[in-house]
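Peer 1: Below is a structure I'd like to ask you about.
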Amino acid sequence: MAMLEETLKYLKKSFWVLAFVAVVPALIISFFAKPFSSITFLPLLFVGQTDYHFSEIFMMMLTPISNASFWGGFVGNVLFFVLFWISCVLGVCIVEKHLKTGTLTPKTSAHQFFSYVLPILLALIMWSALYLVSAVAQSGFISLIHFICGVTPPSFIDCLLSTFISILVFGGVMYCSIHLMFMPLIMVYYGYGWRESLVESLRMTSKNYKDVLLGFGLPMVIIIGVNFVLSLVTALLIRFANLSEVARYWIDYIISVATHIMIIVYLIAYDVVAFYKLSGLERRDIKRYERRNYVN
């Protein structure tokens, strides 16, 4: 629990600065993409609001609009990628500067900013490829399960197996994400290439893997759980209370904005705080530095 506790403690003093960085990307991203859509789209399937066709399921993982075109989803996710990339670079620079100097400010130097541009871009490209492969696999398995069960709306077994497959795929993506998350920091701090950085990330996390996984995964599981319940309530309101599609869209949008802000802020803070913990680096945000002496 040490890394989780340290990250939450750090966010008590830095949340609003990081939220300032995350809010604009979250507002724009939420028009096109839902957080954790590989899980949160399931309520729409369970209540029969969308089909079990492969293409339909795959698109639901890319965009909150169930009847969106391929190009609509593509453009939305490209925009998501660019904005998330910029947000991550700025956020990592802010947290790193805070931990190095003890000064919390949204200002960053050009040298620091551009030193992270390519490493974070590479990590996000690798993560995007991983997500697309996992989305194809998940969509295919769920479509196959429904084809075998052959019942519309889906039966209990159908829903249970679809949920199990989705959680299994999501867990695999999370496992890989942990190592991709530390890769840019290792590249910048130690000057390694991306292959060596991934190997070093595996080595760093192996001794404290339970702590790393808990710190990374538990907040995400809580956010997913809350998001899942809210999505299910919205889907039920559409079906049984005649909630309009426009009202549903804006409810989903507000939930998505709040969720994206929390995800971006937490992941940025956890990435740098956990890296400092694993590397044994000294943090000057904890101790005040005066005339070459650390003062408690």
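Peer 1: Take the residues in region 209-246 that are within 30 Å of Phe275 (Cβ to Cβ) and of a type in the set (Gly, Ala, Ser); name whichever of them is nearest to the chain's Cα centre (by Cα). First the steps, then the outcome.
Peer 2: Here is the first cut: in region 209-246, the ones within 30 Å of Phe275 (Cβ to Cβ) are 209-228.
Cutting the leftovers down to of a type in the set (Gly, Ala, Ser) gives us 215, 217, 225.
Details: Gly215: 13, Gly217: 10, Gly225: 14 Å.
Ranking the candidates gives Gly217 first.
Peer 1: What residue, among those in region 1-37 that are among the small types (Gly, Ala, Ser) and at pLDDT below 75, is nearest to Phe156 (Cα to Cα)? Spell out how you get there, then give the answer.
Peer 2: First, pick out the residues of region 1-37 that are among the small types (Gly, Ala, Ser): 2, 14, 19, 22, 26, 30, 33, 37.
With at pLDDT below 75 added as a condition, the list becomes 33, 37.
Values: Ala33: 28, Ser37: 21 Å.
Within region 1-37, the match that is nearest to Phe156 (Cα to Cα) is Ser37.
Peer 1: Would you confirm, using the coordinates I've provided, whether Phe113 is open to solvent by less than 60 Å² (accessible area, probe 1.4 Å) and under 16 Å from Leu18 (Cβ atoms)?
Peer 2: Criteria met by Phe113.
Peer 1: Let me ask another. Examine region 132-141 for a residue that is surrounded by 19 or more Cβ atoms within 10 Å (Cβ to Cβ), among the hydrophobic types (A, V, I, L, M, F, W, C), closer than 18 Å to Phe41 by Cα and within 19 Å of the chain's Cα centre (by Cα), and state whether such a residue exists.
Peer 2: yes
Peer 1: Tell me, please, whether a residue that is open to solvent by 20 Å² or more (accessible area, probe 1.4 Å), within 16 Å of Leu11 (Cβ to Cβ), part of a helix (DSSP H, G or I) and touching a Cys at 6+ places or on another chain (Cβ under 9 Å) can be found in region 253-270.
Peer 2: yes
Peer 1: Quick check on my filter: what residues within region 192-233 are in contact with a Phe, Trp or Tyr (Cβ under 7 Å, 6 or more places away or on another chain) and open to solvent by 80 Å² or more (accessible area, probe 1.4 Å)?
Peer 2: none
Peer 1: Could I ask something else about it? Contact list please: Cβ distance under 8 Å, first residue in region 218-246 and without any contact (Cβ under 8 Å) to a residue 12 or more places away in the chain, second residue part of a helix (DSSP H, G or I) and open to solvent by 60 Å² or more (accessible area, probe 1.4 Å), pairs at least six apart or on different chains.
Peer 2: These pairs meet every condition: Leu243/Leu237.
Peer 1: So, one more: For the structure I just gave you, tell me whether Tyr189 is at negative phi, open to solvent by 20 Å² or more (accessible area, probe 1.4 Å) and in contact (Cβ under 8 Å) with a residue 60 or more places away in the chain.
Peer 2: Yes; evaluated as a whole, the condition is true for this residue.
Peer 1: If you take the residues in region 39-50 that are open to solvent by 10 Å² or more (accessible area, probe 1.4 Å) and under 21 Å from Asn77 (Cβ atoms), which one is modelled with the highest pLDDT?
Peer 2: Looking at residues that are open to solvent by 10 Å² or more (accessible area, probe 1.4 Å) and under 21 Å from Asn77 (Cβ atoms), I get Ile39.
The values are calculated or read from the model by the stated rules, or taken from the named source; none is laboratory data. Owing to the predicted nature of the structure, the values given are computational and were not obtained by experimental measurement. Heads up, the Cβs are rebuilt from the backbone with ideal geometry, glycines too, and the neighbour counts pull from every protein chain shown. Side chains included, ligands, DNA and RNA excluded: accessible areas come from the protein's heavy atoms. Shrake-Rupley method; radii C 1.70, N 1.55, O 1.52, S 1.80 Å.
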